[in-house]
Amino acid sequence: MKARTLAVLRFAPLALAAALLFSACHSVPAVVTHPRIRAADSVEIAADVILPVVVPDGGVPVVLIQTRYWRSFQLRGGKRNSVVPMGPREAIVEKLVTAGFGVVVTDVRGTGASGGIWPWPWSDGEVRDMGPVIDWIVAQRWSNGAVGATGASYEGTTALLTAAAGRPVLRAVLARELEWNLVDEIVAPGGVRNIGFVSSWSRSVDALDHGKLPEIFPRLARFGIRGVQPTDGDDKGAALQGLQRRRPPTDVAGRVSAVRSGSDRFGSDGPQADSLSPSGHVNALAATTAAVGMWGSWWDGATADAVLRAQQQIPVREAVIGPWAHEGTSNASPLRRDDSERATVDLDVVVAFFRRHLVERSAAPAPRTSWYVAGAERWKTAEQWPTTTPRTLHLVGEILANSPGTSAPRSLTVDFAASTGTNTRWTTGLARPVDAPDRADTRGVISWQSAALDAPLSVFGASEFVCQVALDAPEASLHVYVESVDRSQRVRLLTEGVQRISAGVATVRIRPVAFELPPGWSLRLSIAGADSPSFERVPATGGQRMLFAGEGGALTLPVVR
């Protein structure tokens, strides 16, 4: 969600330590206040208002960021109201203020220094607060009446949900690294619980909500950060400490322990899980007049899925799918090279988006899509995604063949310690990189490999795997990996899918990706029955043997025309 759906804290430990040292000697000049904004039910929402030092008589356009990760830090050594406050996020606030925008950052209700209760992500109360916050902004003398919203991860989802508030003054939204369907894209992809991410995120947000630094922060942070910034008038933090003491435990992991589909409840007293997602607000989002931009990554959880799915249901003016990890500061392409094109998030492009839609407000440009292609390691831009044709490769013996054939069944005794590693697409939201190890000798899998390609293979989108399988236990988790094999036989994981299955015909949707393999390379399909420590064990106890029929298994790829 972020650690940031779950999303999480945006700083890797070393980055946070460096930021602490940097902030001690330099920051962007600004006028900063910490007011409270009254919501419709009288709950007070804590805010940071960060303005350029010089505000013209007509006011400035304002960009709103709504977080559940502390809007800014209370630093040891006292408050500094003459510079942009430091918080657990990238330098987008500094970039926007330097460019002449005002920025308002709020703690969503029940988090940070805000009142109310945070029962689950994006509750009805949290979403309802977004309209009054916008109303408050445009009523201030420093606002020129034009509002935008942005953020990455959890803040990306709050930015998109702001478009459901029905406020015409909200003219632009740029939502990055978010979920569209909460369950399939983070909590339980394919019906298999993503326990590694959810458990860590749950502990981290519980710590934050009760005034403690989470496990993700480096030890050095404890010497520089006292906690979340109190609001004005509460300089000693007495009111803030009272809020934190009265809050119940934030047990997200407990609430989703039985969630495997979007129709399951988010805890015994919670709503259906997917009603909390942007997909649960599709009618209001589809009616927005704001220019919506969405950015995701092929290798950051399922954020590419979020972009592609949202675009099918709501108007998205600018869609971007890149190669970066969750923080946007590193290239996660498994085929990255030294000559790869720019593969990190450029915050100047974020600022330019708001300049176009909040300041210049020229004629609306045609919708635009941009995507990064692994292997080619290049960006492509067009008015729409590329057109594809399905190509089916069949499982014949140990070969991915162009035509079906007969062969003996293949057996897999599940190794429940099998793993894609500790730094994966599912843990990048915990401020980790995405590793791309050589998978030539991966344990606990069986594989099928194609012949060497005689022409380039270009793929865009989600693939599908179908097979006939017999099981020893009533259920299993089927993990399917699409991999490249280069001329030196190094194997890299391109993308993967997971599905809870029972015996019979199993179908696994594989996460979308864009890649291009040159002649001489091969494609490999691998299967496992576990991926530890990210995913739950299925079955929870006992062994599991999976027998794949010798005929009928196939991988269907969306091949670019």
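The values are calculated or read from the model by the stated rules, or taken from the named source; none is laboratory data. On a predicted model such as this, the values are computed, not experimentally measured, just so you know. For neighbour counting, all protein chains shown are included, and Cβ atoms are generated from backbone atoms with ideal geometry for every residue, glycine included. Surface accessibility is based on the protein's heavy atoms, side chains included, excluding ligands, DNA and RNA. Shrake-Rupley method; radii C 1.70, N 1.55, O 1.52, S 1.80 Å.
Going by Cα centres, segment 70-104 and segment 411-489 are how many Å apart? That distance is 42 Å. For the pair residue 341 and residue 53 in one chain, pulling the backbone fully straight at 0.36 nm per residue adds 100.0 nm over the alpha carbon distance.
A 1.4 Å probe run over segment 423-561, with the rest of the protein chains in place, finds 37 Å² accessible per residue. Using the Karplus relation 6.51 cos²θ - 1.76 cosθ + 1.60 with θ = phi - 60°, the per-residue 3J(HN,Hα) values for segment 469-479 come to 9, 10, 10, 7, 9, x, 9, 8, 9, 10, 9 Hz, with x marking Gly and Pro. For segment 213-319, the fraction of 1.4 Å probe accessible surface lying on carbon and sulfur atoms is 48 percent.
Think of each Lys and Arg Cβ as +1 and each Asp and Glu Cβ as -1; about the Cα centre, that makes the dipole of segment 247-337 roughly 140 debye.
Sorted on the mean count of surrounding Cβ atoms within 10 Å across their residues, most packed first, peptides 516-526, 102-112 read 102-112, 516-526.
Solvent-free Debye calculation, one equal scatterer per alpha-carbon of segment 479-518: log10 I(q)/I(0) at 0.22, 0.23 Å⁻¹ equals -0.76, -0.79. Which one of 307, 151, 403 is farthest out on the positive end of the charge dipole of the chain, using unit charges on Cβ (Lys, Arg +1; Asp, Glu -1) and the Cα centre as origin? Final value for the positive-end residue is 151.
The amide H of residue 110, built 1.01 Å from its N in the peptide plane, has 115, 116, 117 as neighbours under 5 Å, considering only residues 5 or more places off or on other chains. Amide H contacts of residue 396: 401, each under 5 Å away and 5 or more positions distant or on a separate chain (H built 1.01 Å from N in the peptide plane; Pro and chain starts excluded).
Starting from the coordinates of the alpha-carbon atoms of segment 199-334, obtain the Kirkwood hydrodynamic radius over all distinct pairs and give the value in Å to one decimal.
Details: mean 1/r = 0.0544 Å⁻¹.
For segment 199-334, the Kirkwood estimate is 18.4 Å.
Summed over the residues of segment 123-278 and divided among them, the accessible surface reaches 36 Å² per residue at a probe radius of 1.4 Å. Backbone amide hydrogens, once placed in the peptide plane, bring residue 457 within less than 5 Å of 517, excluding anything fewer than 5 places away on its chain. Rounded to the nearest 20, the size of the Cβ-charge dipole of segment 97-237 about its Cα centre is 300 debye, with Lys and Arg at +1 and Asp and Glu at -1. Using Cβ point charges alone (K and R +1, D and E -1), the dipole size of the chain about the Cα centre works out to roughly 880 debye.
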